[in-house]
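Have a look at the structure below, then the notes.
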Amino acid sequence: MKLSEEIFKALRCPKCMAILKSEDALLVCSNNDCKKIFPVINNIPVLINEENSVFRISDFTEMRETYFKTTIVNKNPIKKAIVAFIPSIGKNIKAQENYSNFARKLLSYSSNPKVLILGGSIIGEGMEPLIENPSIILYESDISFGPRTQFILDSHNIPFTNEYFDGVVVQAVLEHVLDPFRCVQEIYRVLKKDGLVYAETPFMQQVHGGRYDFHRFTHLGHRRLFRNFSEIESGAVCGPGMALAWSYKYFIKSFFSSKKTRIPLYPIIHLTSFFLKYFDYYLINKPGTLDAASAYYFCGQKSDFPLEDSELLKLYKGIM
Ligand SMILES: [Zn+2]
């Protein structure tokens, strides 16, 4: 396996946090009371604590579908052309600017910051300023194999030693985990003192990802989720226009009960609602958007002083 010595030393057993030993193509927990065995598939360690996860290690050794299809490749050129022609109904207005700010902030603390990306099997929307900066060392992880996956892990038990990362990115992930509070605790644990987190989580979005979709957060609910972090910045990333387009799409979809009957409608739905997202350029920073956005972001710094719930209410910036 090609794990560098430094990364190998930072990895931990996701069940008991003991150090791991490398044996043939496997990683083995060094704790005699645990001794869990973790496979390495195509140089990607699969570090899942099965006792605290909806996933099984065999899901990965047997290449079962976990969230994203393992091959998202449309081979039919006609279908490909149709898909390319259909306009998107969503637009993340803020991510690129937020990632630029996040990268700058990381580099003000360290010349080679280590950043863990949760849900990083593919490049997240607007993530280019982070991905393309050669000074930033990325640890791209997910619960599915994708073009960018370096580690298979479940955010409920992040298999890295305490205080290892300068930054953690968790974009469009926390709605898909069973216990987002537990996952944010883990993010807190693996961050260095004063480490930075960047999160994006939906509010007004219908179920996506099928069975792997469990939570939504208001702007304040999202702030509370990160109560052990001091806020650098927060707000909406995708606005009410996108939320309306999604509602319209899912309203129409509700009339049809199978994928086969729904898919032919998508070009019509998208062509009659794609323009709604452009309203978000105007709306994204308005106070009303804090009550109506499709998704919110939070950028924060690990802190020793949790945000009190009584203080939380003072942070409401919507319109009452
Ligand atoms: Zn162990």
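Every number in this text was worked out from the coordinates using simple rules, so none of it is lab data. Just so it is clear, the model here is predicted, and its values are computed rather than measured. Backbone-built Cβ (ideal geometry, glycine too); neighbour counts: all protein chains shown.
Taking the DSSP beta bridges with both ends in the chain, the antiparallel portion is around 60 percent.
Computed over neighbours whose Cβ is under 10 Å from that of residue 29, the net charge equals +4, Lys and Arg +1, Asp and Glu -1. For the chain, the convex hull spanned by the alpha carbon atoms encloses 153 Å³ per residue. Absence of a disulfide-compatible partner, taken as no other cysteine beta carbon within less than 4.7 angstrom, is noted in the chain for 183, 238, 299.
GNM remark for the chain: springs join alpha carbons under 10 Å apart, and the peak mean-square fluctuation among 99, 248, 188 falls on 248. Treating segment 5-47 as a set of equal point scatterers at the Cα positions, no solvent, please give the Debye-formula log₁₀ I(q)/I(0) at q = 0.14, 0.22 Å⁻¹. Log-scaled intensity ratios, in q order: -0.26, -0.65. Among 105, 192, 79, the largest mean-square fluctuation in a Gaussian network model of the chain, built with springs joining Cα atoms closer than 10 Å, belongs to 79. For the pair residue 37 and residue 112 in one chain, pulling the backbone fully straight at 0.36 nm per residue adds 23.8 nm over the alpha carbon distance.
Using a simple spin-label model with pseudo-atoms 7 Å out from Cα toward Cβ, residue 63 and residue 262 lie 2.7 nm apart. Along segment 154-171 the Karplus relation, 6.51 cos²θ - 1.76 cosθ + 1.60 evaluated at θ = phi - 60°, assigns HN-Hα couplings of 10, 4, 5, 9, 6, x, 10, 5, 4, 6, 9, 9, 7, x, 10, 10, 9, 9 Hz to successive residues, with x for each Gly and Pro.
Taking 19 Å as the limit for the C-alpha separation, the pairs 21/302; 105/192; 91/249; 91/259 exceed it in the case of 21/302; 91/259. Sorting 268, 252, 143 from the fewest to the most surrounding beta carbons within 10 angstrom yields 268, 252, 143. A straight line joining the Cα centroids of segment 290-317 and segment 88-117 runs 19 Å. For the chain, relative contact order (Cα pairs under 8 Å, six or more residues apart, normalised by length) works out to 17 percent. Annotation for segment 226-274 versus segment 160-199: alpha-carbon center distance of 26 Å. When GluC sites (Glu not before Pro) are flagged only if DSSP places them in a loop and at most 14 other Cβ atoms lie within 10 Å, the longest unflagged stretch of the chain comes out as 164-307.
Counting neighbouring Cβ atoms within 10 Å and putting the fewest first, the residues 242, 204 line up as 204, 242. Helix content alone sets the calculated 222 nm mean residue ellipticity of the chain: runs of n ≥ 4 DSSP H residues at -39500 (n - 2.57) each, divided across all residues, give -7500 deg cm²/dmol.
Going by neighbour counts of Cβ atoms within 10 Å, the residues 222, 215 line up, fewest first, as 215, 222.
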